[in-house]
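For reference, the structure is listed below as structure tokens.
The values are calculated or read from the model by the stated rules, or taken from the named source; none is laboratory data. Computed from a prediction, not measured in an experiment: that's the story for all the values here. Glycine gets a Cβ as well: all are built from the backbone with ideal geometry, and neighbour counts include every protein chain shown. Heads up: the accessible areas ignore ligands, DNA and RNA and are worked out on the full protein's heavy atoms, side chains in. Shrake-Rupley method; radii C 1.70, N 1.55, O 1.52, S 1.80 Å.
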Amino acid sequence: MSDSRPFFSIIIPAHNEEGSLAETLGAIAAAFAARSADDYEMLVVNDNSTDSTESVARGWAARNPRVRWVNNPPPHGFGYAVRCGLNHFRGDAACIVMADLSDDPGDIYEYYRRMHAGAECVFGSRFIRGAQVVDYPRFKLAVNRLANWFIKILFGIPHNDITNAFKCYRRDVLEGLKPYLSAHFNLTVELPLKAIIRGYTYETVPIAWRNRKAGVSKLQMHEMGSRYLFIVLYALLEKWLSKGDYRR
């Protein structure tokens with residue numbers, strides 16, 4: 001990568017992901033190299049890891065000029081880590097990718113391709129024709145489908161996988177979504193709902209999702225219910241009271 005600003009930034013929040021991060025970075029780099037795409041960066045946000053996650057990120061950054069890393073200062077949490085990445089990315093578009101390789105690198109490239117073609121936002125769905133889901137825990141899957149059905153009906157939108165973090169936004173869209181409120185995984189709902197309410201366009205693509213091979217999921221469902229509900233109700237209030245002010 002040259003000294004010029006990359007077009008596409010892949011933001012990877014990572015908390016204790018020593019068992020997955022190197023494989024994730026390698027798979028993404030291989031997918032983009034196979035398609036001769038080099039105007040991108042991978043930005044690892046180390047979120048208070050107590051294992052060797054930071055060392056893995058530092059080592060990759062030393063060997064690969066397309067990899068950068070930053071430490072997320074306190075307070076910590078998934079939402080804060082993503083917000084840290086959104087404060088440090090250099091590209092014209094930013095894609096949020098999990099560090100556990102649950103998001104398919106080929107799908108990341110498809111986001112990149114569509115952003116190059118002019119999309120404002122790209123939202124993947126694991127639950128439409130052409131998508132693939134592997135080894136999703138049954139209880140989490142049931143809760144996921146119920147939550148997404150609730151959001152879809154409440155906001156009258158066709159997209160059926162709002163809660164998935166794996167989405168992509170142009171820089172000007174992200175500026176238009178500020179201020180960010182969520183500190184945890186509910187940021188994955190805040191960003192797309194605000195984008196829709198504020199009149200930005202999005203494309204939906206089928207994606208593949210695979211459960212992590214190493215490490216432990218950081219999403220604690222019993223802790224997140226009220227936080228998800230808060231941000232959904234906040235977005236709904238904005239939709240009702242804005243009276244079309246965001247219409248473009």
- Query: Between Tyr136 and Lys152, what length comes free when the chain is fully extended (0.36 nm per residue of separation minus the Cα-Cα distance, one decimal in nm)?
  - Reply: 3.7 nm
- Task: Mind checking the per residue accessible area of the chain for me, 1.4 Å probe, whole number of Å²?
- Result: 46
- Query: Roughly how many Å² of Lys178 are accessible to a 1.4 Å probe, to the nearest 10?
  - Reply: 80
- Query: How would you classify region 105-248 from its alpha-carbon gyration tensor, with a ≥ b ≥ c the square roots of the eigenvalues: rounded for a/c under 1.5, else prolate if a/b is greater than b/c, otherwise oblate?
  - Reply: oblate
- Take the alpha carbon gyration tensor of region 70-118, find the square roots of its eigenvalues, order them as a ≥ b ≥ c, and report rounded if a/c is under 1.5; if not, report prolate when a/b exceeds b/c, else oblate. oblate
- Item | Proximal lysines relative to Lys152, as straight alpha-carbon distance under 21 Å, when same-chain residues fewer than 8 apart are discounted | Lys140, Lys167, Lys194, Lys239, Lys243
- Toy charge model, Lys and Arg Cβ at +1, Asp and Glu Cβ at -1: the chain dipole around Cα centroid in debye, rounded to 20, equals 660
- What percentage of the solvent-accessible surface of the chain, computed with a 1.4 Å probe over protein heavy atoms, is contributed by carbon and sulfur atoms? 54
- What distance in nm separates the simple spin-label points at Asp245 and Asp51, each placed 7 Å from Cα in the Cβ direction? 4.6
- Query: Relative to the longest principal Cα axis of the chain, at what angle does helix 105-116 sit, 0 to 90 degrees, rounded to 10?
  - Reply: 70
- Dividing the mean separation of Cα pairs under 8 Å (6+ apart) by the residue count of the chain yields a relative contact order in percent of 23
- Can you give the angle from 0 to 90° between the axis of helix 221-242 and the longest principal axis of the chain, with both taken from C-alpha atoms, to the nearest 10? 60
- Note on the structure: In the chain the cysteines whose Cβ sits 4.7 Å or more from every other Cys Cβ are Cys84, Cys121
- Query: What value, in deg cm²/dmol to 500, does the helix sum -39500 (n - 2.57) over DSSP H runs of n ≥ 4 give at 222 nm once divided by the residues of the chain?
  - Reply: -13500 deg cm²/dmol
